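Visitor: Okay, here's the structure, questions in a sec.
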Amino acid sequence: MLPDRILSLLLEKLANGIYLLYKKSYEPERLSGNTLAIFKQFKSAYDSKNINSFKSLISNNYTGNFGYNKAELVILMDQFFQSFPPLLNPNLTIYIFQIIEDSNSIFKAVIQFKTHLSFTIVPIRSLELGEAYIEITPEIPYGIWKISKIEILEHQLK
């Protein structure tokens, strides 16, 4: 379930399963093409349980408290994907609560991941990671954008 503060916000669908939330009186920022593409690829890799696609989206310099480095995050997600029986399918929804910065050198935001699980086509459960801070940056030398940080917010860890 979304936090109560979201009830006073508008929800704008940016892509399938990716939403931007903003106050009614606020003109929301638009995501750059690079950022929206990363979120779409992340959702696709997650929904298909494709660890190789997921791994390709994570920076080699990744840090965070949701996996302390890239190797740990990939192992964590691979174990999560492997825990699903073959007919149990995740469907990730990404809510973007606040865009902190969206420039040519970095994207920073507060988001929430919510997974809807279904057995074949029958919905059975939802899982929420809670609010998280995310950074997406271009990698040197080619400027390919990757996720460089995911921090589960402290009030979510208690």
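Bear in mind that the values in this text are calculations on the coordinates, not laboratory data. Not measured: the values here are computed from a predicted model. Here the Cβ is made from the backbone with ideal geometry for all residues, glycine too, and neighbour counts use every protein chain on show.
Visitor: Along the charge dipole of the chain, which of Pro90, Ile140, Phe66 sits closest to the positive end, that is, farthest toward it, with unit charges on the beta carbon of Lys, Arg, Asp and Glu (+1, +1, -1, -1)?
Guide: Positive-end residue among those listed: Pro90.
Visitor: To continue, here is another question. For the chain, set up a Gaussian network in which alpha carbons nearer than 10 Å are linked by springs, and say which option among Gln79, Gln41, Gln112 fluctuates the most.
Guide: Ranking Gln79, Gln41, Gln112 by mean-square fluctuation puts Gln79 first.
Visitor: I would also like to ask the following. With an 8 Å cut-off on Cα pairs and a minimum separation of 6 or more residues, tell me the relative contact order of the chain in percent.
Guide: Numbers: 280 pairs, mean separation 32.2, N = 158.
Once normalised by length, the contact order is 20 percent.
Visitor: Three principal axis extents, largest first, for the C-alpha atoms of the chain, in Å?
Guide: Principal-axis extents of the chain (Cα, largest first): 44, 42, 31 Å.
Visitor: Next question. Using each residue's phi in region 64-69, evaluate 6.51 cos²θ - 1.76 cosθ + 1.60 at θ = phi - 60° and report the 3J(HN,Hα) Karplus result to the nearest Hz, with x for Gly and Pro.
Guide: Karplus-based 3J(HN,Hα) across region 64-69 equals x, 9, 10, x, 7, 8 Hz.
Visitor: Along the positive direction of the dipole of the chain (beta-carbon charges: Lys, Arg +1; Asp, Glu -1; about the Cα centre), which of Ile100, Thr120, Tyr22 reaches farthest?
Guide: So the residue we want is Thr120.
Visitor: What size of dipole, in debye to the nearest 20, comes out for region 42-158 about its Cα centre when the only charges are +1 on Lys and Arg C-beta atoms and -1 on Asp and Glu C-beta atoms?
Guide: On the way: 10 positive and 11 negative charges, 57 e Å.
With Lys and Arg at +1 and Asp and Glu at -1, about 280 debye.
Visitor: Springs between alpha-carbon atoms under 10 Å, Gaussian network over the chain: tell me which of Ile75, Ile99, Ile147 tops the mean-square fluctuations.
Guide: Fluctuation is largest for Ile75.
Visitor: Can you give the extra length, in nm with one decimal, that the chain gains between His116 and Ile152 once fully stretched, where that is 0.36 nm per residue apart less the Cα-Cα distance? Spell out each step's value before the answer.
Guide: Working: separation 36, 0.36 × 36 = 12.96 nm, distance 1.93 nm.
Once the chain is fully extended between His116 and Ile152, it gains 11.0 nm.
Visitor: Which residue fluctuates the most in the chain, going by a Gaussian network model with Cα springs under 10 Å, if the choices are Phe39, Phe107, Phe119?
Guide: Phe119
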